[in-house]
């Protein structure tokens, strides 16, 4: 209940602010959208993360927490989603770390987990992914979830990435405007307020947001892939998976029912592991 009143109060504030200062309303709305709530890490989660080799990487003046398991020749990079962190890959890492041919890599996105920062944007996240991949060299597989998947597609469209053999995309959003639409509904924003926030998004991204979407980002992708999406995903509609599959014919589509956006299931973990192998 408290959360609902907070969102309604914030929406009322942004709508009111927009009537007198549209530019400021857009900047404040954008800042809110890019400010994730950092989850508290539990002792058991710390215990798992410390089974890997931890290090910090400097990115745009902030320290990014990085993890590594194993020393095999085949590198696999895990990219988590919004308000998550590297622990979300525990089951995948425990499964794949049994095989000596793999090096498993993960990082906490800016403003997530143990990484520094207060703000997160897809362009910045994509730049960080580009930096890491070019430091790794060729990568056997990318395993990504939600906005992490979207950030990877943005990175491969905007940057020159090294060789990647396989990509697994879980619960991928369809477009940047979809993110705005979610907050429009949650905060009950007026069309004029949405317009101001969208303009600020476009100023930061320096491009038309209509083109920050899967059809544009995945159109040149020729890497074999696996798309996993739940038919009842309440955060990113299943139609996004069909759209991605349509523009990425080299990928297989795995459909689940009842797992929701997080796709917490050993069946999904095992399917990803088999696809990587």
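The values are calculated or read from the model by the stated rules, or taken from the named source; none is laboratory data. Predicted, not measured: the structure shown is a model, and the values here were computed from it. Here the Cβ is made from the backbone with ideal geometry for all residues, glycine too, and neighbour counts use every protein chain on show.
Does the range 256-268 contain any residue that is over 25 Å from residue 212 (Cβ atoms) and in a strand (DSSP E or B)? Yes: the range 256-268 contains one or more residues that are over 25 Å from residue 212 (Cβ atoms) and in a strand (DSSP E or B). Here residue 40 meets each of (1) in contact (Cβ under 8 Å) with a residue 12 or more places away in the chain; (2) outside the structural domain of residue 122 (by TED's automatic domain parsing); (3) not in a helix (DSSP H, G or I) with one exception, condition (1). For the range 217-262, a residue qualifies if it is over 18 Å from the mean Cα position of the chain (by Cα), under 26 Å from residue 90 (Cβ atoms) and at pLDDT below 95, and the qualifying residues are 223, 232. Every listed requirement among (1) touching a strand residue (DSSP E or B) at 6+ places or on another chain (Cβ under 6 Å); (2) over 27 Å from residue 183 (Cβ atoms) is met by residue 90 save one, (1). Might you check whether a residue that is over 17 Å from the mean Cα position of the chain (by Cα) and in a helix (DSSP H, G or I) occurs anywhere in the range 64-78? Checked against the condition, which is being over 17 Å from the mean Cα position of the chain (by Cα) and in a helix (DSSP H, G or I), the range 64-78 yields no hits at all.
Criterion first (under 18 Å from residue 147 (Cα atoms) and either part of a helix (DSSP H, G or I) or assigned by TED's automatic domain parsing to the domain that holds residue 150 (or both)) does residue 252 satisfy it? I'd like the intermediate steps shown before the answer.
Numbers: under 18 Å from residue 147 (Cα atoms): no; either part of a helix (DSSP H, G or I) or assigned by TED's automatic domain parsing to the domain that holds residue 150 (or both): yes.
No: the conditions fail for residue 252.
With the condition kept exactly as written, say whether any residue in the range 52-62 is more than 24 Å from residue 37 (Cβ to Cβ), modelled with pLDDT of 95 or more and part of a loop (DSSP other than H, G, I, E, B). For the range 52-62, residues more than 24 Å from residue 37 (Cβ to Cβ), modelled with pLDDT of 95 or more and part of a loop (DSSP other than H, G, I, E, B): present.
Only one residue in 64, 93, 76 is crowded, with 20+ Cβ neighbours inside 10 Å and closer than 22 Å to residue 217 by Cβ, so which one is that?
Working: 64 fails: closer than 22 Å to residue 217 by Cβ; 93 fails: closer than 22 Å to residue 217 by Cβ.
After applying the criteria, what remains is 76.
Take the conditions (1) surrounded by 17 or more Cβ atoms within 10 Å (Cβ to Cβ); (2) in the same structural domain as residue 117 (by TED's automatic domain parsing); residue 11 misses just one of them, which is (2). When 158, 195, 184 are checked against the criterion of being outside the structural domain of residue 264 (by TED's automatic domain parsing), in contact with a helix residue (DSSP H, G or I) (Cβ under 7 Å, 6 or more places away or on another chain) and either surrounded by fewer than 19 Cβ atoms within 10 Å (Cβ to Cβ) or without any contact (Cβ under 8 Å) to a residue 60 or more places away in the chain (or both), 184 stands alone in meeting it.
Among the residues in the range 195-208, are any modelled with pLDDT of 90 or more and farther than 21 Å from residue 126 by Cβ? I'd like the intermediate steps shown before the answer.
Restricting attention to the range 195-208, the residues satisfying the condition of being modelled with pLDDT of 90 or more are none.
No - not one qualifying residue is present in the range 195-208.
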